[in-house]
């Protein structure tokens, strides 16, 4: 089993093992912080088929959101520059992969990690910590850098020929590019992290979410990544769409108990008010939504809906001012 990010290193980890006649199953873990669009059946199936067609790799997509969020709130090895728990992230994925060894008939786990490539999670000492804390010592192979590391059980047993593995260390991508040409791989993502927890703005949003709503849900972790975000005085949480595509996405995120706000007489954003029933916050939300309609024609009629039923209509003659909005936005 190979942990599969979809980047070139994980693709090459699969290919160098396949070249030795080893059957590879790639595991693509998803959470609200990376690759969560694959939660949708159509996108997931298309991605699986595309991976098989492009690279000849069989893929399984596995949702580890619950386990990941529990770890994220208190990662034993801490965070990176922002909210990224890189070391504990890898440990968790390997632990989850270990649970599938028997089910999938696999004999070892491999990753696309390269010794010295990333300053936090791919130092020699960190690689050893990941092995130890995931209880995967002996069965965790890093095929791209294995010749610089301690031999693993699949190498000792002759399942993997250590001498045929590449010798890659450090931040240079030269050998990877050469290997990609050898395997005929021309379509692969640029080397960059796909984890939104490394984003300075989004990491602040998540911290605020965790602080304001200690009983947050997986759905909340998705919603906080969209639109303009507001925490209201009565602790309501308002999300206002910024454009047409985001309005469509927000419509898919409405959950039981949410309040939806829409402008009736003027084109405007789709907005969700969550964790709130207070009249003050509902009215304040209507004034905020009125600020973002396309034409500043007053009055603006804001319809308030819950469970597809209208619960109130406001005639907004005075949208909230920009200065007041800034105080509530995060």
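The values are calculated or read from the model by the stated rules, or taken from the named source; none is laboratory data. Note that this is a predicted model, so its numbers are computed, not measured. Methodologically, a virtual Cβ is constructed for each residue, glycine included, from the backbone with ideal geometry; neighbour enumeration extends over all protein chains shown.
In segment 7-37, how many residues are in contact with a strand residue (DSSP E or B) (Cβ under 8 Å, 6 or more places away or on another chain) and surrounded by 19 or more Cβ atoms within 10 Å (Cβ to Cβ)?
Here is the first cut: in segment 7-37, the ones in contact with a strand residue (DSSP E or B) (Cβ under 8 Å, 6 or more places away or on another chain) are 10, 13-14, 17, 24-31, 35-36.
Going one step further and asking which of them are surrounded by 19 or more Cβ atoms within 10 Å (Cβ to Cβ), we end up with 10, 13-14, 17, 24, 26-29, 31, 35.
Qualifying residue count, segment 7-37: 11.
What are the residues in segment 258-286 that are at positive phi and at pLDDT below 95, if any?
Matches in segment 258-286: none.
Can you name the residue in segment 111-125 that is part of a loop (DSSP other than H, G, I, E, B) and more than 23 Å from residue 177 (Cβ to Cβ) and, of all such residues, is modelled with the lowest pLDDT?
Within segment 111-125, the first condition is being part of a loop (DSSP other than H, G, I, E, B), and the residues that meet it are 111-114, 116-123.
Checking the rest, the ones that are also more than 23 Å from residue 177 (Cβ to Cβ) come to 120, 123.
Working: 120: 72, 123: 91.
So the residue we want is 120.
Sort out for me the helices (runs of 4 or more DSSP H) sitting completely within segment 1-104 that have 1 or more residues that are closer than 22 Å to residue 188 by Cβ. Show your work before the answer.
Working: elements: 8-18, 41-55, 65-72, 86-98, 101-104.
The helices (runs of 4 or more DSSP H) meeting that bar are 8-18, 41-55, 86-98.
Just to be sure I understand, how many residues within segment 221-245 are crowded, with 17+ Cβ neighbours inside 10 Å and either closer than 16 Å to residue 305 by Cα or free of Cβ contacts under 8 Å to residues at least 60 places away in the same chain (or both)?
Here the count works out to 10.
Answer yes if at least one residue in segment 317-329 is over 27 Å from residue 206 (Cβ atoms), part of a strand (DSSP E or B), in contact with a helix residue (DSSP H, G or I) (Cβ under 9 Å, 6 or more places away or on another chain) and in contact (Cβ under 8 Å) with a residue 24 or more places away in the chain, and no otherwise. Walk me through how you get there before you give the answer.
From segment 317-329, those over 27 Å from residue 206 (Cβ atoms) are 317-319, 321; that's our starting set.
Cutting the leftovers down to part of a strand (DSSP E or B) gives us none.
Scanning segment 317-329 turns up no residue that is over 27 Å from residue 206 (Cβ atoms), part of a strand (DSSP E or B), in contact with a helix residue (DSSP H, G or I) (Cβ under 9 Å, 6 or more places away or on another chain) and in contact (Cβ under 8 Å) with a residue 24 or more places away in the chain.
For segment 151-166, which positions are free of Cβ contacts under 8 Å to residues at least 40 places away in the same chain and either out of contact with any helix residue (DSSP H, G or I) (no Cβ under 7 Å at 6 or more places or on another chain) or loosely packed, with under 11 Cβ neighbours inside 10 Å (or both)?
Initially, segment 151-166 is screened for residues free of Cβ contacts under 8 Å to residues at least 40 places away in the same chain, giving 151, 155-158, 162-163.
Residues satisfying the conditions are 156, 157, 158, 163.
Of the residues 56, 7, which single one is without any contact (Cβ under 8 Å) to a residue 60 or more places away in the chain and under 24 Å from residue 167 (Cα atoms)?
Details: 7 fails: without any contact (Cβ under 8 Å) to a residue 60 or more places away in the chain.
Exactly one residue qualifies, and that residue is 56.
Could you say which residue among 297, 279 is in the same structural domain as residue 238 (by TED's automatic domain parsing), in contact (Cβ under 8 Å) with a residue 12 or more places away in the chain, farther than 18 Å from residue 239 by Cβ and surrounded by fewer than 20 Cβ atoms within 10 Å (Cβ to Cβ)? Step through it out loud before you land on a result.
Details: 279 fails: in contact (Cβ under 8 Å) with a residue 12 or more places away in the chain.
Just one listed residue meets the conditions, 297.
How do the helices (runs of 4 or more DSSP H) wholly within segment 137-234 filter down when requiring 1 or more residues that are assigned by TED's automatic domain parsing to the domain that holds residue 57, at negative phi and more than 25 Å from the chain's Cα centre (by Cα): which remain? First the steps, then the outcome.
Numbers: elements: 153-156, 174-182, 200-212, 218-223.
Those helices (runs of 4 or more DSSP H) span 153-156, 174-182.
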